[in-house]
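Contents: one structure, followed by commentary.
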Amino acid sequence: MLTNILTKEDTHKQLFTMGHTGCSGCAQSMAVKLIMQVLGKNTIATSATGCLEVFSTKFPESSWNIPWIHSLFENSAAIASGIEAALQITGKKDGTTVLSQAGDGGTADIGLQALSGMFERGHDVLYICYDNGAYMNTGYQRSGLTPYDSFTTTSPSGKISFGNNRPKKYMPEIAMAHKIPYTAVASAGYPIDLQKKVKKTLSIKGPKYLQVDVPCVPGWKYEPRYSVKIAQLAVQSGLYPLFEAEYGKITSVKKISKRVPVEEYLKLQGRFKHLFKNEAGKAEIEKIQKIADENIEQYGLL
Amino acid sequence: MKKVLEGSMAISDSIRMTEPKVISAYPITPQTHIVEHLSQMVADGDLKAEYVMVESEHSAASVVLGASACGVRTYTATAAQGLLYMEEVIYNIAGMRLPVVLTVANRAVSAPISIWNDMQDSMALRDSGAIQLVAENNQEAYDMHIQAYKIAENPEVMLPVMVCVDGFVLTHTFEVVETIDHIEKVREYLPPLNMKYTLDINNPFSFGTVGEPSVYLETRFRLSNAINNSKSIIVDAANDYKEMFGKYEGALIDTYKMDDADTVIVAMGSVLGTIKDVVDELREAGKKIGVLKIRAFRPFPADEIVNALKNIKNAIVIEKAVSLGKGGILSCEIRDALYQRRINSVNVNGYVMGLGGRDITPKNIYDLIIKAEKEEDVDGEFFGLNNELLNKVF
């Protein structure tokens, strides 16, 4: 139906517009667009240094039709804290959402201290971590959220290595341990679920943490057309559990509708291709399957 | 009103008079008393501000950055390692042209760890784009913070201003300070902050965007111009302050007994008090000696310094910091300013002393003068070393 296609003019009216320099198939830009549709124009956003900041604000252009600020890599949550404090003291906070954004490195590694401080102080801020599982902006280096056995340029697979030898950091659980009002995990593969969770944050005062799985075409090494499919397979395999939690307690999980073995998810991505070369790789896939099985058990995904 | 105030109390009281809306700080000796006093003022309702208790100096600077971008007046304070930890953010605040005011309670940097005073910390930030003013005593610390906002918030400036106050020597010492009785007078001197671009949902702008090679150079050029051109605004702020409050401690520099002087001691901060006492005595004994106080270290008042020094023989520069691998910092810049103007008649000697809180006594100053007048082109020689200690292993 032609009537469902947005014109160029329509897209320029959006709060996160077209014309940015994100990669073809970039799931992060898809997620941002979906999120901004829900948050609306009364939003002030911060971005940590990273892909989103770089591809959306190449001076003199900007994709943001809301007030937006980037300062540094590790301080997105602290910048947002300052904005929230300024809005509170000037009586402008009511009706305004403060959105703090970062990638997985900017959240779980270098930005963790500032994020923990923001949570602990109880700022009325929605923090969103776009998790693509590595430092993609600098060329696919390993982060604390890089999954087990993933190839990255600093955790390469090699003659005696299967890539990243540590499991992904349990970042949502770290957020939950702060007993913040709301923590959620969503995926670019499930836009309605993502938007529902974003909408929920609008009714909750205090710190909110939302982590979104956003597949990365060049970093994960797959064809751009598979972004949504891969995101869905991460959920359906149990490797990326989607859930909500309030004050540290899980309140809902997205059930797996059609369970798939992790191999289905792994085989589409070049970052795991070294696992498909020999018997030893097979044994590694078994270990990854075990991670998925444990997730399914732990979160009750079936 | 005249009060006996600890330096930290004087500073926090003057900050109260400027009515910042967001304050954020992380405790570090010897800055703590300042932020404790401010916390108490907020707790008592004497200052209507958000006091954000952060988990680090990095976040303290980031909080005031974010708040400042919303167009509200902000304040932070730190020292030593805290300032070095903030450094990345200070560069960012300057680059984003945000008028944050911060106090540096000057302290030595590690290693070895030392909580005591020197100026190595603020010197490390000298290329950041932040204006650096240095206070001589508690009265000046009080007055300088109010002037700092006036300078920072000038639309032509829009830069962070760092007010440097010697840790312990001023922050923890009580002196008579004449405070301003009526906040209305401060409001008159310092109108509400009115920024052209803010984070405003009704008028959205993007801040901190990517500067490609095609625009970065020009951005930094404008930043460089802004701090260079702030000299006249610093002078105006001091003069306006004098007119309104009757207090003047210099603007970019200040001279003391320099008429007909052959020898001039150049220094910054609280050591000036000791130096002036020595100079008073030497003047009584008939020696032609004076003092040049550097009040603004950034922007560097090269013209004013050269003008003050061009007819003297010896400039003795007290360095409370060292550029490791080079030598004196202040003396180097003064020599450069003279050289640029082709003045080679002034003998500039820089001596590193007083590091890590080592007292600079009147006797040190006497000894230094006798030594320095016999030497030429000394570039940051350490003065006042205990030679016995040098043979021991640390």
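Brief remarks on what is shown
- Residue in the range B:223-232 that is buried (at least 19 other Cβ atoms within 10 Å of the Cβ), out of contact with any Gly (no Cβ under 7 Å at 6 or more places or on another chain), in a loop (DSSP other than H, G, I, E, B) and among the aliphatic types (A, V, I, L, M) present: no
- Among residues of the range B:362-388 that are in the same structural domain as B:N349 (by TED's automatic domain parsing), those with a Cβ under 7 angstrom from a residue that is exposed (fewer than 13 other Cβ atoms within 10 Å of the Cβ), sequence gap 6+ or separate chain, pair up as B:P362/B:D277.
- Only residues that are more than 18 Å from A:I69 (Cβ to Cβ) and facing chain A (nearest Cβ under 9 Å) were counted in the range B:217-253, giving 0.
- Total residues in the range B:180-199, condition buried (at least 17 other Cβ atoms within 10 Å of the Cβ) and either outside any helix (DSSP H, G or I) or free of Cβ contacts under 8 Å to residues at least 12 places away in the same chain (or both): 6
- In the range A:147-177, the residues that are within 17 Å of the chain's Cα centre (by Cα) and without any contact (Cβ under 8 Å) to a residue 24 or more places away in the chain: A:Y170, A:E173
- Selection status of B:N307, over 27 Å from B:N138 (Cβ atoms) and either surrounded by 17 or more Cβ atoms within 10 Å (Cβ to Cβ) or not small (G, A, S) (or both): yes
Yes or no, residue by residue, for (1) in a loop (DSSP other than H, G, I, E, B); (2) crowded, with 18+ Cβ neighbours inside 10 Å:
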{"position": "B:V317", "(1), (2)": "no, yes"}
{"position": "B:A321", "(1), (2)": "yes, yes"}
{"position": "B:G380", "(1), (2)": "no, yes"}
{"position": "B:L385", "(1), (2)": "yes, no"}
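- Sole residue being in the same structural domain as B:S12 (by TED's automatic domain parsing) and closer than 26 Å to B:S8 by Cβ, chosen from B:L190, B:L217: B:L190
- Residue in the range A:206-216 that is within 23 Å of A:L301 (Cα to Cα) and assigned to a helix (DSSP H, G or I) present: no
- Qualifying residue in the range A:214-234 (condition: crowded, with 21+ Cβ neighbours inside 10 Å and more than 30 Å from A:A280 (Cα to Cα)): no
- Filtered by the rule that a residue be surrounded by fewer than 24 Cβ atoms within 10 Å (Cβ to Cβ), more than 7 Å from every other protein chain (Cβ to nearest Cβ) and in a loop (DSSP other than H, G, I, E, B), the range A:69-113 gives A:F73, A:G91, A:K92, A:K93, A:D94, A:G95, A:I110.
- Total residues in the range A:1-32, condition surrounded by fewer than 19 Cβ atoms within 10 Å (Cβ to Cβ), assigned to a helix (DSSP H, G or I) and modelled with pLDDT of 90 or more: 0
- In the range A:101-114 there is no residue that is in contact (Cβ under 8 Å) with a residue 40 or more places away in the chain, at positive phi and out of contact with any Cys (no Cβ under 6 Å at 6 or more places or on another chain).
- The listed residue being within 19 Å of B:F297 (Cβ to Cβ) and in contact with a strand residue (DSSP E or B) (Cβ under 8 Å, 6 or more places away or on another chain), out of B:I369, B:I365, B:I318: B:I318
- Taking the range A:54-68 as the range and being more than 7 Å from chain B (Cβ to nearest Cβ) and surrounded by 24 or more Cβ atoms within 10 Å (Cβ to Cβ) as the test, the residues that pass are A:S56, A:S63.
- Spans of helices (runs of 4 or more DSSP H) in the range A:222-302 with at least 2 residues among the small types (G, A, S) and either in contact with a Phe, Trp or Tyr (Cβ under 9 Å, 6 or more places away or on another chain) or more than 16 Å from A:P167 (Cα to Cα) (or both): A:227-236, A:279-299
- Residues within the range B:206-234 that are under 16 Å from B:Q132 (Cβ atoms), out of contact with any Asp or Glu (no Cβ under 9 Å at 6 or more places or on another chain) and among the aliphatic types (A, V, I, L, M), tallied: 3
The values are calculated or read from the model by the stated rules, or taken from the named source; none is laboratory data. In this text the structure is predicted, and so the values were computed from the model without any measurement. Note that we place each Cβ from the backbone using ideal geometry, even for glycine, and neighbour counts take in every protein chain shown.
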